[in-house]
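The values are calculated or read from the model by the stated rules, or taken from the named source; none is laboratory data. These figures come from a predicted structure and were not determined experimentally. In this analysis, Cβ positions are derived from the backbone assuming ideal geometry, glycine residues included, and neighbour counts consider all displayed protein chains. To get the accessible areas, we keep the full protein, side chains included, count just its heavy atoms, and leave off ligands, DNA and RNA. Shrake-Rupley method; radii C 1.70, N 1.55, O 1.52, S 1.80 Å.
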Amino acid sequence: DTAVSQTPKYLVTQMGNDKSIKCEQNLGHDTMYWYKQDSKKFLKIMFSYNNKELIINETVPNRFSPKSPDKAHLNLHINSLELGDSAVYFCASSPDGAEETQYFGPGTRLLVL
Amino acid sequence: AQSVTQLDSHVSVSEGTPVLLRCNYSSSYSPSLFWYVQHPNKGLQLLLKYTSAATLVKGINGFEAEFKKSETSFHLTKPSAHMSDAAEYFCVVSENGQNFVFGPGTRLSVLP
């Protein structure tokens with residue numbers, strides 16, 4: 001049983017398009033995250049949601065909009081895709097608390113042409 | 001503000017020899033510290049975590065790490081490297097459980 005799942009696994013699209021990446025966790029966790037991993041493997045947090053409410057919104061272009069319909073889902077919508085958006089996007093979840101482990105999805109590899 | 005430094009971007013060892021991956025952190029409070037591993041084209045998997053209990057933490061696959069507050073370090077070690085250990089390793093610090101700051105990663109190569 002997959003704990004944190006993301007769809008699609010791969011996404012190839014043209015500049016200017018709008019696309020969404022979906023994330024679901026079946027762990028009953030309260031907090032979910034989106035990370036961007038660039039070509040140099042550097043991981044940077046983009047958003048954090050706790051019980052459907054936005055907690056962290058790092059410096060991310062407003063073309064990126066997270067949506068959390070319920071606490072088990074955190075989707076990422078990207079408008080007007082740019083070449084620099086090409087990266088691997090990871091969803092993660094964790095229970096509340098400073099000591100808690102994050103559980104990561106398998107990643108979505110986005111390539112913008 | 002939290003930050004994490006991984007001093008080596010790439011470490012290469014021979015199979016059967018010890019592994020040392022270095023991590024230093026900066027935190028205003030008592031942090032939680034984690035090591036994650038990412039195998040090629042895979043997601044991230046937790047190796048071990050420190051959460052203010054024992055300073056020597058044992059993780060999966062024979063890895064362990066020691067929290068040294070005086071040195072603000074949390075280095076990852078393994079006595080004997082295996083070929084399957086070749087991967088990217090990330091040191092992570094969290095102060096509040098909602099913001100996890102990742103280090104830049106260390107790529108471990110294991111030579112036969």
Check your understanding: Of (1) open to solvent by less than 10 Å² (accessible area, probe 1.4 Å); (2) hydrophobic (A, V, I, L, M, F, W, C); (3) closer than 30 Å to residue B:106 by Cβ, residue A:81 satisfies all except one. Which?
Key -> (3)
Exercise for review: Give, as residue ranges, the strands (runs of 3 or more DSSP E) completely inside chain A that count at least 2 residues that are within 14 Å of chain B (Cβ to nearest Cβ).
Suggested key: A:4-7, A:19-25, A:31-37, A:43-50, A:53-57, A:87-94, A:108-112
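Looking only at the range B:13-50, filter to residues that are among the charged types (D, E, K, R) and open to solvent by 80 Å² or more (accessible area, probe 1.4 Å); which one of those is nearest to the other protein chains (Cβ to nearest Cβ)? Reasoning before the result, please.
Of the range B:13-50, the ones among the charged types (D, E, K, R) are B:15, B:22, B:42, B:49.
Those left that are additionally open to solvent by 80 Å² or more (accessible area, probe 1.4 Å): B:15, B:22, B:42.
Numbers: B:15: 23, B:22: 17, B:42: 7 Å.
Among residues in the range B:13-50 that are among the charged types (D, E, K, R) and open to solvent by 80 Å² or more (accessible area, probe 1.4 Å), the one nearest to the other protein chains (Cβ to nearest Cβ) is B:42.
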Practice item. Could you list all residues from the range B:71-112 that are open to solvent by 50 Å² or more (accessible area, probe 1.4 Å), within 11 Å of chain A (Cβ to nearest Cβ) and outside any loop (DSSP other than H, G, I, E, B)? Key: B:107
Revision key, fill the gap. With the first residue restricted to the range B:27-51 and required to be assigned to a loop (DSSP other than H, G, I, E, B), and the second required to be open to solvent by less than 30 Å² (accessible area, probe 1.4 Å) and of a type in the set (Ser, Thr, Tyr), Cβ contacts under 6 Å at 6 or more apart or on different chains are B:51/B:32
Review point. Going by the conditions given, is residue B:58 farther than 15 Å from residue B:12 by Cα, more than 14 Å from chain A (Cβ to nearest Cβ) and either open to solvent by 60 Å² or more (accessible area, probe 1.4 Å) or of a type in the set (Lys, Arg) (or both)?
Key: yes
